[in-house]
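Shown next, in C-alpha cells, is the structure this report addresses.
The values are calculated or read from the model by the stated rules, or taken from the named source; none is laboratory data. Quick caveat: nothing in here was measured; it's all calculated off a predicted structure. Please note: Cβ atoms are built from the backbone with ideal geometry, for glycine as well, and neighbour counts cover all protein chains shown. Areas reflect the complete protein model, heavy atoms only, side chains present, ligands, DNA and RNA absent. Shrake-Rupley method; radii C 1.70, N 1.55, O 1.52, S 1.80 Å.
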Amino acid sequence: MDARLHVSRLSGQATVPPSKSAAHRAVLCAALADGVSHITNIEYSQDIRATLGAVTQLGAKVAEEPAAVTITGRGSSGGFVTVTRPVFCNESGSTLRFMIPLFSLTAQKVRFTGAGRLFDRPQAVYQMLFDRQGLRFEQTPEGVTVFGRLRPGGFTLPGDVSSQFISGLLFAAPLMESESSIEVLPPYESRSYVDLTIDAMQQFGVKVAARARKNGSVMYRVAAPQRYTASDFSVEGDYSQAAFLAVLGCAVGGINVVGLNPDSQQGDKVILDILKRCGGKFKPIEGGYRFERSLLKATEIDLADCPDLGPILFTLGCFCNGSTVIRNAGRLRLKESDRISAMQEELKKMGARIEVDGDTVTITGVALHAPAEPLYGHNDHRIVMALAVAVYAAGLPALLRGAEAVNKSWPAFWDTLRGLGAKIDTE
C-alpha cells in the first residue's frame with residue numbers, strides 16, 4: 001500500500017494501542033494456565049495473531065471478541081496436544097522465541113515457519129542449548145525444526161542477546177520436572193523485557209526468584225513443577241508506540257497521548273526521559289501526557305535496553321539542534337529490516353545528516369526537505385511509522401511506499417494520524 005502524506009496541521013488527542021509485549025505474554029500464560037482467562041484491551045495485530053495461532057496448536061481454546069479474548073488453557077505440558085502442522089510465526093520474533101522451548105516439551109518433532117526476515121534473525125542461543133542436551137535444532141532460511149524435550153537444570157545465557165531467549169526459557173521452566181536456574185551474564189541488555197515476562201508469570205500464579213550476583217550476572221530460579229492459574233488480565237497501553245506520537249507532539253505541539261499507565265514498568269517508557277533531556281515539553285494529564293512544541297537539543301542515548309525505540313530516535317535526532325549520538329544500536333540490524341541502514345537511506349532522501357560508525361549512530365540536526373523520490377518502508381512497521389512522523393513533523397509532502405507494514409503492530413496507525421488532522425491518501 002502507498003500512503004501519500006500531505007502537509008497538515010496536527011493537534012488533538014490520540015489513544016495508544018495496547019502493549020504488544022504485554023499482550024504476547026498474557027496470551028501465552030493464559031494458554032498454559034489451568035482454566036479460563038479473560039484478556040481485555042487487546043489489538044489483533046499480525047504479531048498477536050501469530051501468538052494466538054501458536055497457542056491453539058498447543059491445545060488452548062481461543063474465543064475472540066472485538067477488543068478482548070477468552071483463552072481456555074491446558075493446565076500443564078501433559079495437556080499439550082499432538083502437533084500436526086508447522087507452527088506459523090509470521091514475522092514475530094517474540095512468537096518464535098517464546099514458543100520454541102514450550103513446543104519442545106511436547107517431545108515431538110516440531111517445525112516453525114514464518115515470513116519476511118524472521119529466519120535471518122539469529123537463533124544461536126537455542127542452537128547451543130539444544131546441542132548441549134543432545135536435542136535436535138535445525139535452522140534454514142525456511143524455518144526451524146526442533147525434536148526432543150528440554151530438560152531442567154542450569155542454563156547460562158549471554159546478556160547481550162535478545163531477551164526473548166531468556167523469556168522463552170522462563171515460560172517453559174515451571175512446566176519441567178524439577179527446578180531450573182537461568183544465569184544471565186553481563187552486560188545484561190533489555191532486562192526490562194524480562195521483568196515484563198516475570199510480572200506476567202506472577203499474575204498467572206508462577207513464582208520466579210531473581211538475584212544479582214557479585215560477578216554482575218543475574219540468576220533466576222524457577223521451582224518446578226508449578227502450574228499457571230487462570231487470571232483476568234488487562235493489557236496496558238504501549239510506550240513503544242506512544243514514542244511515535246510523543247516525538248511528533250514535541251515537534252508540532254498540542255498533542256495529547258492517552259491510554260498509558262504512568263506507573264508502567266515498560267522499558268520503552270524511557271522515551272519520556274530521553275525527550276526531557278532533549279528539552280521536550282510535556283506534562284501529565286489523565287491517562288497520559290500532553291506534548292507541546294519544543295526547541296529540541298541533541299543528547300546521547302544508550303539503546304541497549306530499548307532497541308525498539310531505535311527508528312523513532314533517528315527521527316528525533318533530525319529535529320534536535322546539534323549532534324545526537326545513539327550508542328549500542330547494533331541490534332537494530334537484526335530486526336524486520338536492517339533498521340540502521342533503512343533509516344539512514346530513507347531520511348537521507350529528505351536531507352538528513354546521519355553517520356554510522358559500527359554500533360554508534362550520529363544524527364546532526366538540519367532542515368529537512370521534501371523527498372524527490374518515494375520513501376520506502378522496508379517491510380518494517382517501525383520504519384514506516386518513524387518516517388511518517390518525520391514527514392509530518394517537518395511539514396513536508398511525501399509518498400511512502402509499503403505503508404501496510406504498520407499492520408504488524410498497529411493496524412490503526414493511519415486512522416490515528418487522521419484523527420489528529422493528518423491528510424493521508426492510501427492506494
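Results, tabulated for the structure shown:
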| item | result |
| --- | --- |
| Debye, to nearest 20: dipole size of the stretch 85-159, +1 on Lys, Arg Cβ, -1 on Asp, Glu Cβ | 240 |
| Carbon and sulfur %, accessible surface of the chain computed with the full protein complex present, 1.4 Å | 48 |
| Rounded tilt (10° steps) of 163-172 against the dominant C-alpha axis of the chain | 30 |
| Efficiency of FRET between ARG277 and ALA372 - r from beta-carbon atoms, R0 35 angstrom, step 0.05 | 0.55 |
| Phi-based couplings in Hz for the stretch 52-62 (Karplus 6.51, -1.76, 1.60; Gly and Pro marked x) | 4, x, 5, 5, 5, 6, 7, x, 5, 9, 10 |
| Efficiency of FRET from Cβ geometry, THR156 and ASP302, R₀ 22 Å, rounded to 0.05 | 0.35 |
| Helix-only mean residue ellipticity at 222 nm for the chain, each DSSP H run of n ≥ 4 adding -39500 (n - 2.57), per residue, nearest 500 | -9500 deg cm²/dmol |
| Options LEU10, SER92, SER45, ranked by Cα towards positive dipole end of the stretch 1-145, top entry (Cβ charges) | SER92 |
| Cα Rg over Rh - the stretch 356-415, Kirkwood | 1.01 |
| Whichever lysines have a C-alpha closer than 17 Å to that of LYS20, once near sequence neighbours (fewer than 8 apart) are set aside | LYS269, LYS335, LYS408 |
| Label-point separation, SER234 to ASP2 (7 Å along Cα→Cβ), nm | 4.4 |
| Stretch gain in nm, segment ARG327-LYS61, where the contour uses 0.36 nm per residue and the Cα spacing is subtracted | 91.4 nm |
| Förster-model FRET efficiency, 30 Å R0, GLU427 and ASP263, C-beta, rounded to 0.05 | 0.10 |
| For the stretch 230-238, 3J(HN,Hα) per residue [Karplus equation, 6.51 cos²θ - 1.76 cosθ + 1.60, θ = phi - 60°, Hz, x = Gly/Pro] | 4, 8, 8, 9, 9, 6, 7, x, 9 |
| Potential lengthening between SER178 and ARG9 on full extension [0.36 nm per residue; Cα-Cα distance subtracted] | 54.9 nm |
| Equivalent-ellipsoid semi-axes of the chain, from the Cα gyration tensor, Å, largest first | 37, 22, 21 |
| Top of SER240, SER45, SER178 by mean-square fluctuation, Gaussian network on the chain, Cα under 10 Å | SER178 |
